[in-house]
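The values are calculated or read from the model by the stated rules, or taken from the named source; none is laboratory data. As the structure is a prediction and not an experimental result, all values here were calculated from the model. Here the Cβ is made from the backbone with ideal geometry for all residues, glycine too, and neighbour counts use every protein chain on show. All accessible areas refer to the heavy atoms of the entire protein, side chains included, with ligands and DNA or RNA removed. Shrake-Rupley method; radii C 1.70, N 1.55, O 1.52, S 1.80 Å.
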Amino acid sequence: MKIAVDAMGGDHAPGCVIEGVRLALESVAGLEKIYLAGDEERLRPAVQEAGLTSPQVEIVHAPEVVDMGESPALAVRRKKRSSIAVSVDLVKEGACQAVVSAGNTGAAVAATTIKLRLLPGIDRPGIASPIPNDHGMCSLIDAGANPDPKPHHLLAYGVMGAVYARHVLGVANPRIGLMSLGEEDTKGTEFTKDVFRLLRSSGLNFVGNVEGHDLFERPLDVVLCDGFIGNVVLKSCEATAHAMFKWLKQELTRTPVRRLGAMLARSAFLGVKERVNYENYGGSPLLGVNGICIIGHGSSSPKAIQNAIRVAAEAIAHEVNPHIVEELKRLGATTHA
């Protein structure tokens with residue numbers, strides 16, 4: 001497998017990205033080659049310092065960078081030699097099978113959509129973000145690619161999410177929920193009610209409306225929502241987890257007795273921290289584009305980059321996109337208005 005990595009994407013690029021690539025080459029099975037897209041003058045010494053001198057790593061010069069605050073669509077059109085644009089071009093040209101980026105999410109969505117186009121039957125791509133719960137892993141779709149979708153877009157997300165859960169995560173019959181104001185069929189906006197009707201007649205394993213707490217408590221494999229709600233939910237979950245660990249640390253170190261108790265329970269606390277640590281999940285697949293794109297957290301560490309590359313390799317190995325096209329045909333899902 002050959003994967004293009006946006007070496008300049010992320011808050012700590014290129015150092016963390018290069019170290020993540022080194023870790024991935026040591027741990028990800030079937031990884032043949034990594035193409036690092038970025039400013040060669042900056043990358044060359046950093047790659048040599050990291051000891052990545054094998055033919056498995058190749059630098060592809062990309063002198064421009066899309067900053068986090070830039071307009072994604074404009075940046076993709078104006079900065080044709082940016083690291084994310086060059087990374088996607090490598091997939092478009094067939095040199096690579098996937099692209100990984102921890103940079104500007106909107107730019108990654110725009111570049112892949114414009115350059116790679118969409119799969120047959122798909123109108124809009126969706127970001128599938130992993131959320132750990134009491135029963136394993138739940139994919140929240142969409143987590144920010146499409147903030148103002150139409151009902152049939154969410155039907156397509158349901159199909160794609162089910163395929164990803166089945167073929168990559170190993171769930172035999174993925175359970176799909178729709179984020180709403182309550183579990184009753186009559187709850188929600190006109191938009192969610194329209195989506196509900198489409199999902200109920202789709203042939204998917206649709207379990208009905210779900211609420212925010214269900215993400216963590218119910219046996220759900222895919223939860224659907226628009227990109228605006230999904231992004232708010234995802235960032236709220238991240239912020240809540242961060243705040244809870246901060247407050248817990250403050251309280252556990254307040255007295256000697258509490259500090260002793262914390263030492264005795266240290267392994268339990270570390271276990272919970274690992275369970276919610278985004279680094280372990282690497283990145284979120286952008287489903288629906290005609291290629292594999294994994295979007296990492298902006299503050300991705302080397303471990304997160306390593307796992308984002310692993311997620312890309314899994315998507316390639318399990319042939320996610322051909323299965324999505326096949327499933328759309330099989331279900332006869334109408335994803336166009």
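Contact annotation: residue pairs with Cβ atoms under 7 Å, 6 or more positions apart or on different chains, pairing a residue in region 82-95 that is touching a residue at least 12 places away in the same chain (Cβ under 8 Å) and within 15 Å of Val289 (Cβ to Cβ) with a partner that is part of a helix (DSSP H, G or I) and open to solvent by 20 Å² or more (accessible area, probe 1.4 Å), are Val88/Lys115; Asp89/Lys115; Lys92/Lys115. For Ala75, the conditions (1) open to solvent by 40 Å² or more (accessible area, probe 1.4 Å); (2) under 19 Å from Thr113 (Cα atoms); (3) without any contact (Cβ under 8 Å) to a residue 40 or more places away in the chain are fulfilled apart from (1). Highlighted here are the helices (runs of 4 or more DSSP H) found entirely within region 182-258 that include at least 1 residues which are in contact with a helix residue (DSSP H, G or I) (Cβ under 8 Å, 6 or more places away or on another chain), without any contact (Cβ under 8 Å) to a residue 60 or more places away in the chain and over 27 Å from Gly106 (Cβ atoms): 190-200, 227-252.
Output yes when any residue across region 102-109 is surrounded by fewer than 24 Cβ atoms within 10 Å (Cβ to Cβ) and closer than 25 Å to Asp214 by Cβ, and no when none is. Looking for residues that are surrounded by fewer than 24 Cβ atoms within 10 Å (Cβ to Cβ) and closer than 25 Å to Asp214 by Cβ, one finds none in region 102-109, hence no.
Of the residues Val65, Val28, the single one that is under 27 Å from Asn280 (Cα atoms), free of Cβ contacts under 8 Å to residues at least 60 places away in the same chain and either β-branched (Val, Ile, Thr) or surrounded by 15 or more Cβ atoms within 10 Å (Cβ to Cβ) (or both) is Val65. Taking the criterion of being at pLDDT 90 or above and of a type in the set (D, E, K, R), the residues of region 41-70 that qualify are Glu41, Arg42, Arg44, Glu58, Glu64. From the list Arg330, Arg258, the lone residue that is more than 29 Å from Val210 (Cβ to Cβ), of a type in the set (D, E, K, R), more than 16 Å from the chain's Cα centre (by Cα) and open to solvent by 20 Å² or more (accessible area, probe 1.4 Å) is Arg258. Pairing residues of region 272-288 that are closer than 19 Å to Ala145 by Cα with residues that are of a type in the set (Ser, Thr, Tyr) and open to solvent by less than 10 Å² (accessible area, probe 1.4 Å), at Cβ distances under 6 Å and at least 6 apart in sequence or on separate chains, gives Ser284/Ser129.
Looking only at region 315-337, which residues are within 20 Å of Gly203 (Cβ to Cβ) and at pLDDT 85 or above?
Residues satisfying the conditions are Val320, Pro322, His323, Ile324, Val325, Glu326, Glu327, Leu328, Lys329.
Residues that are among the charged types (D, E, K, R) and either farther than 15 Å from Glu64 by Cβ or in a helix (DSSP H, G or I) (or both) within region 3-42 comprise Asp11, Glu19, Arg22, Glu26, Glu32, Lys33, Glu40, Glu41, Arg42, listed in sequence order.
Scanning region 31-42 for residues that are touching a residue at least 12 places away in the same chain (Cβ under 8 Å) and out of contact with any Pro (no Cβ under 7 Å at 6 or more places or on another chain) returns Leu31, Glu32, Lys33, Ile34, Tyr35, Leu36, Ala37, Glu40.
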